[in-house]
Amino acid sequence: MAKQYAMIVQVAKCIGCQACTVACKFQNEVPDGQYRTKTPAIGPKGTYPNLSLFFEKEACQMCKNAPCVKVCPTRASYKNEDGVVLVDVDKCVGCKYCMTACPYDARFTNAKTGAVDKCSFCYEIRVGNGQKPACVSTCVGGALEFGNINDSNSDAAKLLAKYKAQVRKPEFGTIPNVYYIYEGVK
Amino acid sequence: MRRRQFLKGALYGTGSMIALGGCGSLTKVDQKTLAANQIAEKTVYSTCEMCTSRCTMAAKVRDGKVIKIEGNPNDSSTAGTVCARGSAGVSLLYDPQRIKKPMIRTGERGTGKFKEVSWDEAYTFIADKVTQIQQNYGPEAIAFASRINPQDAFFRQIAKAIGSPNTFSHEATCPMTKTTALEMTFGNPWIAADYGNAKYIITSGRNFFEGIHVSMVKGVMKAVQNGAKLVVLDPRFSVTAAKGEWVPIKGATDLAFFMAMANIMIKENLYDKDFIENYTEGFDKWVEAVKDKTPEWAEKETGIPKEKIIEITRDFAAKRPNALVEFGWRTPWTPNDYQCRRAILIINLMMGNWEVPGGYYQKKGAGVLQPFPDQAGYAKPTGGGYGPMPPAPKPSKGRIDGAGVKGTPGILIPVADGAVGQIPESILTEKPYAIKGWLVHRFNPVISMTESERIIESFKKLDLLVTCDVYMTDTAYYSDVVLPECTYLERYEPIIDQSGLIPKIQLRQPVVPLVYPDTKPAWLIYKELGQKMGIGDFFSFKDMEEFLERQLKPSGIAFDQMKEKGFWSPADMKPFYMRGKDPKAPAAPSLNEKGKMHIFSHEIEEAIPGQGIPVYTKYPQPGEGEFRFVQGKVAVHTNAGTHNVPVLNELMPTNSLWINSVSATKLGIKDGDNIVITAGKYEHKGVAKVTEAIRPDTVFCYHGFGRISPGLKRAYGKGINDNKLIPNAIGESGNVVTSMTFVKIRKV
Amino acid sequence: MKESTTAELYLSFATIFHRPHPEVVNHLEELIELWEEEIPDIMEPLAALKKFCQIYAPGETRINTLWEHYIPLFETGSVEAPPFASIYLSGDGLVLGTETIAVQTFYNSAGYAMGEKAEQLPDHLAIELEFLALLARDGEEVLLENFRQKHLIPFLTKILPRIKNGSRPVYSSVAQILQSWQLG
Ligand code: SF4
Ligand code: SF4
Ligand code: SF4
Ligand code: SF4
């Protein structure tokens, strides 16, 4: 079976420490003031003293049905054989159609390259060498997992089998490959 | 024409390079030499210093440049991760705002006028001033303060060699009350908690998930994932509180909560009698002390319903012995906070959680293993690196803070740390005698100590103020001499012992050559300064390679192996709990001669009669219109150390004052409003963060912002400097007192 | 312009943007004379420089005054105009970035390298200017123009306005003069 790479976020284990944010920046040479991923706080919700607070890592959701790919006039945005949506910097003309099309606000214009940029699942730079993405490797809370979910033995597939997972904005029909597990979230 | 000679001489003179002023860096070379300089990609393992947790790390180096810092994948305690600050170390290394050459002040103190000088000029300047002060006032008139670190030993060596007893660390501003409690209870402070195997964790303000220490985060998260309950006493809803049960306790009353816990445990027979009998002394006095500390009483003190206190105590005790009350970290809240920490330790003793999974243990350095025949073979202790040394002069006067003197209150102050808040007091009041010189290494009194303006006022009375750091810190800005240290990614340091349940030693080593060629590592700075001062024979090692070889020799671990791996731990050793197999096994804390843990402390009783067992002090609570002012740590910054580091500043450039929404409404304050905070004679501008996540009688801000040195361009003037508002009061164990200040807030 | 004059001009600016050094600072008048002769339309900055020289005679006060401004402008702390090309051209605002490597590679291809005892990073403004002085002296016109277009001009475009707007004596004026000469 073809591969399908996916990222799993166990929200209860995320402490909002931004280790992922910074590791991604250095791994992918993301310019000053720009980010491929960030982990904002959701909350605190409720009234004193009954509160809840958690963090949700944000980045490209690696849609199976990717609107950004569909609208790209130069095919700079494409989905590769392992189900990863990527941007070919050389082909990108900076028209920003994809940025408008993305329902997750995952894309930005890289100030250094001038091309559109976003999370790449560290596909070429790490996953290709058998490593996990930079953010996953350095996750201090241990909230992140990554792998081929078509392989039932992968850590990622095991997590999906064990817990109920959600995707963001399912109503858009984008079929993301970033899954959020809320088990244990208070 | 004059200029024809002046510039032409330089251009067409002898040699291929230009010799004029600062020129001459570029030289002609042949291509062969150049080819030899090509450097490929490599990974260098070392130890992080973006905070004091000292995690292992791996630097990815390409063409001589660090491109990324990652965790060390071979270290299971961190699972190969580093935190945001650890990763951001690259941007500190390559920050153009670092200091690059020694500087001497040319204008008035505080005007920021400096000139750059050679190291030799800087050393000479310091040595002359030190000699002058020594002659006029004696060597004890020079105080030394540093952030505790393996390499600050070199800094302290200067004090030792000139005979000044006045050495201080930053710890009085952070974990000191815990250190005092550990020393008084166990006889040594090298005690740690086995979070990962705990089934119930109670913390009094310890904020694991924002004051990050990677392996501890991993431990606590593991426990929570395995179903452990996490109870967080904190007036503020921290990230740690969000991951457990938040108990919004009234400030400065934590001791009442723990005394009530003990009261319930005794009344309901929920403690480990065998353990108390075999391993401790003075329990009867504790029984007496908590006799009337009922849950009803504690409810009035702490604001926590008595049912909640009882429920927590019963559930906690039910997990005996694999449950713990965390002893705290940044806890200098009240003048006698050490008594609260003592009470916490006593509850742990009542749980019998000493040297069992999920409890407390003596850190297992190689030395600790030696008396255990089945463990001793795993590791051999390291040795000293200094080499032969002349006898140090005996200080002719005692320390200004009286630390460590038996039979006096000073016994409560850990001598290695000292009551650093006494330095500005002794400068200003000349009591017990005057301090005239202050040497500061990688520490920033203006921001890290309380009452910033008083600290600055004290600087003005000094004959000599020297700061060694990587940035033009707020203290450097006022200094006579500023010495540029290189970063932790460019230097060796003595062996770092990070032993937990198994021994572990780490190396900090240069991962790249110096970025700014005229910065230096601390060991070299103080060795060279020592030579200039005529005390060079206190530094009888050639370089750090020699120093480290000497240290490693007795351990049998090769230096090359350390350089290659970055750390060493016995590969096949299992976590060692002294009472793991036999709950009656002798398991004395390593430095306690009698083998008993002190529930009642004769040492304290002798020094301060009536305090041998924790005694509750009822502190005032804020009145109408007042708020208790508390502060804390955030995951992307370290104390006062990282606010100017490019990537971290970008993530969090400023702070705000958290205020409960009900209290804010009463004052007509909305989220994001500009406010003025007043505390006595001090005022600070700030921005309000109106939130549900704090008690209505408390306000909070993250520490380390509101910087006053224009030399910290990114952090300068942004946010609230908490310590500007807090008076400099010295607590009973030498701690600064951080949480006894009441403030008023008004909208502007 | 004669090659030797070009070399002298580059060198004159290099010496100013290096750390203040008595050898140079006490000869400021001679540099001013050179600029006055060789660079047109620089009345205003020249006047400012001459005034500075009148107020501060060669010696201790003159050099300390320059330090007072050089440090916050280029060296430590606030660093109003970081003197490293990498800061402006590498994207992450840090030293030793891609631009540094590019500049260093250029030096090497021209047969130059940063010496063992180099006190500065290769893309320091003064070092780049010093390099151009060497190329001019050696008569390497093609290399010179190449380096100028690829590295110096983009760098100067970013940094000179900062130095100028910093309104710090001497440096602000010299930046204006260099701007007239190179970007004018
Ligand atoms: S999240 Fe946005 S950028 Fe990523 S695949 Fe989906 S549509 Fe494209
Ligand atoms: S997978 Fe790689 S690119 Fe995507 S957020 Fe993580 S580190 Fe960044
Ligand atoms: S590193 Fe992990 S725990 Fe930290 S913010 Fe990112 S996802 Fe959350
Ligand atoms: S906790 Fe973070 S900053 Fe501190 S030593 Fe570990 S990785 Fe470095």
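The values are calculated or read from the model by the stated rules, or taken from the named source; none is laboratory data. What you see is a predicted model, and the numbers here were worked out from it, not measured in a lab. We place every Cβ from the backbone using ideal geometry, glycine too, and count neighbours over all the protein chains shown. Ligands, DNA and RNA are excluded from the accessible area calculation, which covers all protein heavy atoms including side chains. Shrake-Rupley method; radii C 1.70, N 1.55, O 1.52, S 1.80 Å.
Would you tally the net charge around A:PRO31, using a Cβ to Cβ cut-off of less than 13 Å, leaving A:PRO31 out, and scoring K and R as +1, D and E as -1? Mind showing how you got there, number by number?
On the way: positive: A:LYS25, A:ARG36, A:LYS112; negative: A:GLU29, A:ASP32, A:ASP117, B:GLU650, C:ASP92.
My count for the surroundings of A:PRO31 gives -2.
Quick one: go through segment A:114-137 and flag any residue whose amide nitrogen is under 15 Å from the point 7 Å out along the Cα-to-Cβ line of A:LYS3.
Inside the label zone: A:120-134.
Tell me the relative contact order for segment A:21-160 as a rounded percent, counting alpha carbon contacts under 8 Å between residues six or more apart. Please list the in-between numbers first.
On the way: 202 pairs, mean separation 24.8, N = 140.
Once normalised by length, the contact order is 18 percent.
Using the C-alpha atoms of segment B:627-747, what convex hull volume per residue, in cubic angstrom, is computed? Walk me through the numbers before you get to the answer.
Details: hull volume 13.7 nm³, N = 121.
Convex hull volume per residue, Cα atoms: 113 Å³.
Would you tally the net charge around B:PHE443, using a Cβ to Cβ cut-off of less than 14 Å, leaving B:PHE443 out, and scoring K and R as +1, D and E as -1?
-4
Work out the FRET efficiency for C:LEU183 and A:ARG75 from their Cβ-Cβ distance, taking R0 = 35 Å, and round it to the nearest 0.05. If you can, show how the numbers build up before the last one.
On the way: r = 40 Å, r/R0 = 1.16.
Rounded to the nearest 0.05, the efficiency is 0.30.
Give me the tail of P(r) for segment A:113-186 as a percent: Cα-Cα pairs with distance above 18 Å.
On the way: 1389 of 2701 pairs.
Value for segment A:113-186: 51 percent of Cα pairs lie more than 18 Å apart.
Which angle between 0 and 90 degrees, to the nearest 10, do you get for helix C:125-138 versus the longest principal axis of chain C when only C-alpha atoms count?
Tilt relative to chain C: about 80 degrees.
Need one number: nm distance between label points at B:GLU546 and A:ASN65, each 7 Å from Cα along Cα→Cβ, rounded to one decimal.
It is 7.3 nm.
Kirkwood Rh over alpha-carbon pairs of segment B:435-571, then Stokes-Einstein at 4 °C and 1.567 mPa s: what D in µm² s⁻¹, rounded to an integer? Kindly include the intermediate steps, with their values, before the conclusion.
On the way: Rh = 17.2 Å.
Estimated via Stokes-Einstein, D reaches 75 µm²/s.
Keeping every protein chain in place, order C:ILE101, B:ILE496 by accessible area at 1.4 Å, biggest value first, i.e. largest first. Walk me through the intermediate numbers first.
On the way: C:ILE101 65, B:ILE496 5 Å².
Correct descending sequence by accessible area is C:ILE101, B:ILE496.
Quick one: dipole size for segment C:3-182, taken about the Cα centre, charges +1 on Lys/Arg Cβ and -1 on Asp/Glu Cβ, in debye to the nearest 20. All intermediate terms of the calculation are to be shown ahead of the outcome.
Numbers: 12 positive and 26 negative charges, 122 e Å.
The calculation lands at about 580 debye.
Could you rank C:ASP92, B:ASP469 by how accessible they are, 1.4 Å probe, largest area first? Don't jump to the answer; show the numbers that get you there.
Values: C:ASP92 50, B:ASP469 15 Å².
Greatest to least solvent exposure: C:ASP92, B:ASP469.
Roughly how many Å² of B:LYS689 are accessible to a 1.4 Å probe, to the nearest 10?
Probe radius 1.4 Å; accessible area of B:LYS689 about 70 Å².
How far apart, in nm, are the 7 Å Cα→Cβ label points at B:LYS267 and C:ASN146?
8.9
Using just the helices of chain B, give the 222 nm mean residue ellipticity in deg cm²/dmol: DSSP H runs with n ≥ 4 each add -39,500 (n - 2.57), and the total is spread over all residues, rounded to 500. Walk me through the intermediate numbers first.
On the way: 24 runs with 218 residues, N = 748.
The helix-only estimate for chain B comes to -8500 deg cm²/dmol at 222 nm.
Would you report the distance distribution of C-alpha pairs in chain B as whole percents per 10 angstrom bin, up to the bin with the largest distance?
3, 13, 23, 26, 20, 9, 3, 1, 1, 0, 0
Report the one residue of B:LEU464, B:PRO432, B:MET350 whose Cα lies farthest in the direction of the positive end of the charge dipole of chain B (charges on C-beta: Lys and Arg +1, Asp and Glu -1; origin at the Cα centre).
B:LEU464
In whole Hz, with x marking every Gly and Pro, tabulate ³J(HN,Hα) for segment B:231-242 from phi via Karplus 6.51 cos²θ - 1.76 cosθ + 1.60, θ = phi - 60°.
So the Karplus estimates, Gly and Pro as x, are 10, 10, 8, 6, x, 10, 7, 7, 4, 4, 4, 5 Hz.
Which net charge results for the neighbourhood of C:PRO161, defined as the other residues with beta-carbon distances under 15 angstrom from its beta-carbon, given Lys and Arg at +1 and Asp and Glu at -1?
On the way: positive: C:LYS158, C:ARG162, C:LYS164, C:ARG168; negative: C:GLU80.
Local charge sum for C:PRO161: +3.
Mind checking Rg over Rh on segment A:76-119, alpha carbons, Kirkwood formula for Rh?
Working: Rg = 10.1 Å, Rh = 10.7 Å.
In segment A:76-119, Rg relative to Rh is 0.94.
Just to be sure I understand: if you take the accessible area of chain C alone plus chain B alone and subtract the pair, with a 1.4 Å probe, what total do you get in Å², rounded to 100?
Protein heavy atoms only, the C-B interface buries about 4900 Å².
Just list whichever of B:LYS113/C:LYS50; A:LYS118/B:LYS243; B:LYS306/B:LYS666 have alpha carbons separated by over 26 Å in the model shown. Can you show the working numbers first?
On the way: B:LYS113/C:LYS50 23 Å; A:LYS118/B:LYS243 30 Å; B:LYS306/B:LYS666 29 Å.
Exceeds cut-off: A:LYS118/B:LYS243; B:LYS306/B:LYS666.
Take every DSSP beta bridge whose two residues both sit in the protein assembly as shown, then give the antiparallel share in percent to the nearest 5. Please list the in-between numbers first.
Values: 61 of 108 bridges.
Antiparallel: roughly 55 percent of the beta bridges in the protein assembly as shown.
First obtain the Kirkwood hydrodynamic radius of segment C:1-94 from its Cα pairs, then insert it into the Stokes-Einstein equation at 10 °C and 1.306 mPa s, and state the resulting D in µm² per second as a whole number. Don't skip to the end; give the middle numbers.
Values: Rh = 14.9 Å.
It diffuses with D of about 107 µm²/s by this estimate.
If ligands, DNA and RNA are left out, what is the accessible area of B:ARG550 with a 1.4 Å probe, given in Å² to the nearest 10?
For B:ARG550, solvent-accessible area is about 70 Å².
Which entries of B:LYS460/B:LYS685; B:LYS101/B:LYS553; B:LYS65/B:LYS364 show an alpha-carbon separation above 27 angstrom in the structure shown?
Listed pairs above 27 Å: B:LYS101/B:LYS553; B:LYS65/B:LYS364.
Taking only the C-alpha atoms, wrap a convex hull around chain C and report its volume per residue in Å³ as a whole number. Write out the running numbers ahead of the final one.
On the way: hull volume 21.1 nm³, N = 184.
Cα convex hull per residue, to the nearest whole number: 115 Å³.
Please state, to two decimals, what the Cα-based radius of gyration of segment A:45-135 comes to when divided by 2.2 N^0.38 Å (N = residues).
Working: Rg = 16.1 Å, N = 91, 2.2 N^0.38 = 12.2 Å.
The value comes to 1.32.
In segment B:179-273, what is the volume of the convex hull around the alpha carbon atoms, normalised per residue and reported in Å³? Kindly include the intermediate steps, with their values, before the conclusion.
Details: hull volume 12.3 nm³, N = 95.
Enclosed volume per residue, from the Cα hull, is 129 Å³.
So how far, in whole Å, is the C-alpha centre of segment A:14-76 from the one of segment C:110-184?
41
Computed FRET efficiency, Cβ-Cβ of C:ILE153 and C:GLN54, R0 45 Å: what is it to the nearest 0.05?
Working: r = 34 Å, r/R0 = 0.75.
So, using R0 = 45 Å, E works out to roughly 0.85.
On a C-alpha basis, how far is the centre of segment C:13-64 from the centre of segment B:409-477 in Å? Whole number, if you could?
42
Compute the helix-to-body angle for C:98-109: its Cα long axis versus the longest principal axis of chain C, expressed 0 to 90° and rounded to tens.
Between the helix axis and the principal axis of chain C, the angle is about 80 degrees.
Over the heavy atoms of A:MET99, what accessible area does a 1.4 Å probe trace out, to the nearest 10 Å²?
Surface open to solvent at A:MET99 totals about 60 Å².
Using a 1.4 angstrom probe with every protein chain in place, what is the largest-first accessible-area order of C:GLU128, A:GLU171? Walk me through the numbers on the way to the answer.
Details: C:GLU128 0, A:GLU171 135 Å².
The most accessible residue leads, giving A:GLU171, C:GLU128.
What is the P(r) of the protein assembly as shown, as percent of Cα-Cα pairs per 10 Å bin from 0?
In whole percents, the pair-distance histogram is 2, 10, 17, 22, 21, 15, 8, 4, 1, 0, 0.
Ratio of alpha-carbon Rg to the 2.2 N^0.38 Å globular estimate for chain A, to two decimals, please. The partial results should precede the final answer.
On the way: Rg = 16.4 Å, N = 186, 2.2 N^0.38 = 16.0 Å.
My calculation over the Cα atoms of chain A gives 1.02.
Roughly what % antiparallel, to the nearest 5, for the DSSP beta bridges in chain B?
Roughly 50 percent of the beta bridges in chain B run antiparallel, per DSSP.
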